[in-house]
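Everything on this sheet refers to the single structure shown next.
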Amino acid sequence: MMAARDGTAAREAEPIIRCRGVAKRFGTQTVLRGFNLDVMPGETMVIMGGSGSGKSTSLRMMIGSIPPTEGVIELFGRNICAMDEDELNGVRKRFGILFQSGALFNSMTVAENVALPLHEHTDLDPEIIDIQVKIKLELVGLREHADKYPAQISGGMKKRAGLARALALDPQILFYDEPSAGLDPVTSAQIDQLIIALSKQLGVTSVVVTHEMDSAFTIADRMAMLDKGRILKVADRSWYEALRDEPTDVAAKRGEDERLIRQFLRGDPDGPITERQSSDAYEEALFGPEPERVLLPTPSLEPTRR
């Protein structure tokens, strides 16, 4: 079922992605903890947060690139954490990924890049694959650039070509890793409109990892805010808009988590994010903890040498 832009229609169905009690540790470092998230069919879920908040790690676990240390991740009602590689590859054919760089093969034309998943994972005739490639390139506005190589197209066009390749197998879910990163404002806005159009035309579910707030508020049905590996809030876009636009004197009465979210949304220089970066912690990070002072014997007042 395709979501309305407020996300209400999608919630009548079962989640297409369900994360419960997910944690991820690398050695002694905990990157994600207590991660609970439902993504409904047809909606666009934006996962946002600052650098190091755990948003990219959460996406990598949802696509099965890395396993969680704890918890369960379900796609299409199946626990991908319990799957072997063959089973996981079968699930991967049902979703597409737009990587931050586009991740195109430089030795292949745009059309060849888009055709690659079809050659690898289907038994379609070459003529049918050619038609499918043209359809996917037309969806992203690149059909006339099919024979160009990645080095011959712009950064925004590479993103669109990567998106066409992600669409090659007609996925039910699209994952986007920082789709606006490194793009100028106009090109970024074009990518945003393309994400919205694909959701409307194809009914795909979209999970978008980003820290670009203009983009997030444009494309999201719902938004999840991450901070230091934990989810602070999952809510409709309208809730985040209301918090962002709330008068300062009213917002000052909110709890620390909501004030932190508001500072992030607005890009304010002052707030809980910057308050916790105390000068003492900064000095310790630079120079390490202050060494314990050792009292040395008082030097003799008498000369030791004659």
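A short reminder: the numbers here are calculations on the coordinates, not readings from a lab. The structure displayed is predicted, hence computed values, not measured ones. For neighbour counting, all protein chains shown are included, and Cβ atoms are generated from backbone atoms with ideal geometry for every residue, glycine included.
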Within the range 183-199, considering residues that are closer than 23 Å to GLY267 by Cα and of a type in the set (Gly, Ala, Ser), the one surrounded by the most Cβ atoms within 10 Å (Cβ to Cβ): SER188
Selected residue [of a type in the set (Gly, Ala, Ser) and assigned to a loop (DSSP other than H, G, I, E, B)] from ALA168, ALA164, ALA189: ALA168
From GLY49, GLY71, GLY77, residue being closer than 21 Å to GLY21 by Cα and touching a His at 6+ places or on another chain (Cβ under 9 Å): GLY49
Elements of type strands (runs of 3 or more DSSP E) in the range 17-121, at least 1 residues being within 30 Å of PRO269 (Cβ to Cβ): 29-39, 44-48
Residues satisfying the stated conditions in the range 142-169, i.e. without any contact (Cβ under 8 Å) to a residue 60 or more places away in the chain and within 24 Å of the chain's Cα centre (by Cα): PRO150, SER154, GLY155, GLY156, MET157, LYS158, ARG160, ALA161, ALA164
Evaluation of LEU174 against (1) over 30 Å from LEU265 (Cα atoms); (2) touching a strand residue (DSSP E or B) at 6+ places or on another chain (Cβ under 8 Å) (one fails), failing number: (1)
Residues being farther than 29 Å from ALA13 by Cα and buried (at least 18 other Cβ atoms within 10 Å of the Cβ) - total across the range 32-59: 1
Tally of residues being out of contact with any Lys or Arg (no Cβ under 9 Å at 6 or more places or on another chain), surrounded by 14 or more Cβ atoms within 10 Å (Cβ to Cβ) and either in a helix (DSSP H, G or I) or among the aliphatic types (A, V, I, L, M) (or both) across the range 200-218: 6
Hey, ARG94 surrounded by fewer than 18 Cβ atoms within 10 Å (Cβ to Cβ), in contact (Cβ under 8 Å) with a residue 40 or more places away in the chain and either farther than 23 Å from VAL204 by Cβ or not charged (D, E, K, R) (or both) or not: no
Selection from the range 245-263 of residues that are aliphatic (A, V, I, L, M), surrounded by 14 or more Cβ atoms within 10 Å (Cβ to Cβ) and more than 24 Å from the chain's Cα centre (by Cα): ALA251
For TYR240: the one exception among (1) crowded, with 20+ Cβ neighbours inside 10 Å; (2) within 28 Å of ARG92 (Cα to Cα): (2)
